[in-house]
Every structure is written in C-alpha cells, then in structure tokens.
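**Student:** I'd like to ask some things about the structure below.
Laboratory data are not the source of any read-out in this text; all were calculated from the coordinates shown. Note that the structure is a prediction, hence the values are computed from the model and not measured. Note: ideal-geometry Cβ built from the backbone for every residue, glycine included; neighbour counts use all protein chains shown.
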C-alpha cells in the first residue's frame with residue numbers, strides 16, 4: 001500500500017476550506033491538514049514534511065504575492081499550488097514560482113489530484129536533476145585532467161579548476177561564452193595544450 005500524499009491546505013476562507021477538503025477526501029491517496037493563516041501554515045511546515053501545499057494568497061495575516069514569497073522562503077522545496085480567484089492572479093503567481101493555480105468551484109477532484117501529483121513529480125524531477133548536477137560537479141572537480149563541458153553551439157557550460165589553470169583564464173570568463181575552437185559534435189574532443 002502506498003503512503004498517503006501529505007497536503008497542507010492554507011486558506012482563511014471557510015468555503016474554500018470546505019470545498020477543497022471535500023475534493024481531497026474523495027481521493028484516498030491524500031492526507032490533508034488545514035491552516036487558516038500564513039503563520040499557522042509556516043509553523044506546521046516547520047514541524048512536518050508536506051508533499052505539496054495549496055496556498056490562498058488572501059490570508060488574514062498576509063496578502064498577495066508576499067504570501068507566496070514568504071512560504072517559498074520558509075519551505076523552498078515544497079511545491080505550491082495557489083488557490084486563486086481569477087486568471088490574472090494565477091498568472092502572476094505562476095510567474096512568481098507557483099507550480100499551478102486552482103480556482104475552487106471550477107476544479108474537479110480528479111483535476112485537483114492530477115495538478116497535485118504533477119507538481120510533486122516536477123519537484124522530484126528538479127531534485128533529481130540538482131543531485132545529478134552536483135554529482136557531475138564533484139566528478140569534474142576531482143578529475144586531475146582539465147575538462148570543459150561545451151554544448152552543441154560551442155558555448156562553455158562548465159569546467160574544472162585544472163582547465164582554468166591550463167588555459168590561464170578563470171572559469172567565470174569561460175562559462176557562458178563561445179569556446180572559440182571548432183568542435184566535432186558527434187564525439188568528445190580532446191586537445192593537447194602546449195605551453
């Protein structure tokens with residue numbers, strides 16, 4: 001049996017609270033906790049790990065995008081789905097980092113479940129990608145050979161300190177700029193640098 005998906009629903013609006021709780025109860029995969037203010041939500045997030053948060057931007061102790069930003073600062077790894085009232089508010093919230101927007105009354109339980117699962121999956125993929133990048137950086141750093149990673153357009157994306165020393169230029173001067181040498185995009189290229 002799969003463990004339940006832990007959702008924190010943050011809204012000071014009793015109608016939204018009831019509507020979203022009812023929708024989430026129809027999906028047995030969800031275990032929901034409710035908070036009616038940002039301070040209560042932040043306290044709960046500090047005590048427990050939630051898989052996702054449904055966040056109203058109009059709370060008694062916080063209004064608008066500041067609510068979203070405050071929660072993002074306190075729990076940056078938790079996907080946030082904004083409880084919106086209109087499309088413009090939702091668009092601004094997504095631009096500010098929310099994974100999605102739901103409008104109570106306009107969403108079915110299956111749609112809400114899909115939105116939550118998608119947000120959680122995207123966050124898991126982001127964590128996996130970050131771990132992979134960190135692993136690549138560790139391998140580059142530990143390698144005694146000078147290595148530059150160059151994309152198909154010839155732009156340097158990353159490198160190690162040995163490459164910096166060999167080329168006599170700091171990585172900050174190389175990363176994000178064209179390498180300036182012809183590359184064969186079908187296979188790794190190896191150079192010998194003579195001093």
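**Student:** How would you rank 150-159, 164-173, highest first, on the average number of other Cβ atoms within 10 Å across their residues?
**Tutor:** The peptides rank, most packed first, as 150-159, 164-173.
**Student:** Let me ask something additional. Candidates (1) 1, 7, 14, 17, 13, 10, 8, 7, 5, 4, 3, 2, 2, 1, 1, 1, 1, 1, 1, 0, 0, 0, 0; (2) 1, 7, 12, 12, 11, 10, 9, 7, 6, 6, 5, 4, 3, 3, 2, 1, 0, 0; (3) 1, 7, 13, 15, 13, 8, 6, 7, 9, 9, 6, 3, 1, 0, 0; which is the computed P(r) over Cα pairs in 5 Å bins from 0, in percent?
**Tutor:** Only one option fits the structure, namely (3).
**Student:** Would you mind ranking 50, 71 by Cβ crowding within 10 Å, fewest neighbours first? Each step should come with its number before you reach the end.
**Tutor:** Values: 50 20, 71 24.
Lowest count first: 50, 71.
**Student:** Hey, can you rank 12-18, 93-99 by average C-beta count inside 10 Å, highest first? Present the calculation step by step, with values, prior to reporting the outcome.
**Tutor:** Numbers: 12-18: 15.3, 93-99: 17.9.
Highest to lowest by the protection proxy: 93-99, 12-18.
**Student:** Is it possible to state the helix-based mean residue ellipticity at 222 nm for the chain, with each DSSP H run of 4+ residues giving -39500 (n - 2.57), the sum divided by total residues, to the nearest 500 deg cm²/dmol? What is it?
**Tutor:** -14000 deg cm²/dmol
**Student:** Once a ≥ b ≥ c are taken as the square roots of the eigenvalues of the Cα gyration tensor of the range 143-195, is the result rounded (a/c under 1.5), prolate (a/b larger than b/c) or oblate (a/b not larger than b/c)?
**Tutor:** oblate
**Student:** Over the range 143-195, what is the relative contact order in percent, taking alpha-carbon pairs closer than 8 angstrom and at least six residues apart? Write out the running numbers ahead of the final one.
**Tutor:** On the way: 61 pairs, mean separation 16.5, N = 53.
RCO, the range 143-195: 31 percent.
**Student:** With both partners inside the range 10-107, how many of the DSSP beta bridges are antiparallel, as a percent to the nearest 5?
**Tutor:** Restricted to the range 10-107, the bridges split so that about 20 percent are antiparallel.
**Student:** Among DSSP beta bridges whose residues both lie in the chain, state the antiparallel percentage, nearest 5.
**Tutor:** Values: 6 of 23 bridges.
In the chain, approximately 25 percent of DSSP beta bridges are antiparallel ones.
**Student:** Explain nothing, just the number: relative contact order of the range 5-133, from Cα pairs under 8 Å at least 6 residues apart, as a whole percent.
**Tutor:** That works out to 24 percent.
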